[in-house]
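Step one of this worksheet: look at the structure below.
Rule-based calculations on the coordinates, nothing more; no lab input. In this text, all values refer to a predicted model and were calculated from it rather than measured experimentally. Counting neighbours? That spans all protein chains shown, and the Cβs are built from the backbone with ideal geometry, glycine included.
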Amino acid sequence: MTKHTIETVSFKLNEGVSRESFIESAEAINDFVAKRDGFISRRLSCNDDGLWIEHIEWATLEAAMSAASEIGNEPSLEPCMKAIDGSSVKLHHTTLEITVN
């Protein structure tokens, strides 16, 4: 059985971007990932200090990498991408070992 890949992205927002406006613009990522081969699920959370963490489950690392390579070319994601402080972004791909739903 092939183990799924978890893409974890942590980041902060640019100064002046509200949590509410970012959430609204980040909804566009749902459509983007849902259309990609190998997409399984997405979760986005934020702590009280403004650190956002996104977890996307992919069927394979190749599916995750393919989507990552295309995300910057999607015009509907521009407001969301512009809200993120690029210097704060940390991206990791890991192998899913245990899951409970």
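Based solely on its DSSP helices, what 222 nm [θ] is calculated for the chain when runs of n ≥ 4 H residues each add -39,500 (n - 2.57) and the sum is averaged over all residues, nearest 500 deg cm²/dmol?
Numbers: 4 runs with 31 residues, N = 101.
Helix-only estimate at 222 nm: -8000 deg cm²/dmol.
Whole Å is fine, so just give me how far the alpha carbon centre of the range 39-56 lies from that of the range 5-24.
8 Å
For the chain, modelled as a Gaussian network with Cα springs under 10 Å, which listed residue fluctuates most, LEU13, LEU91, LEU44?
With Cα springs under 10 Å in the chain, the top fluctuation among LEU13, LEU91, LEU44 is at LEU91.
How high is the FRET efficiency between VAL100 and SER18 when r is their beta carbon distance and R₀ equals 41 Å, given to the nearest 0.05?
On the way: r = 34 Å, r/R0 = 0.82.
So the FRET efficiency works out to roughly 0.75.
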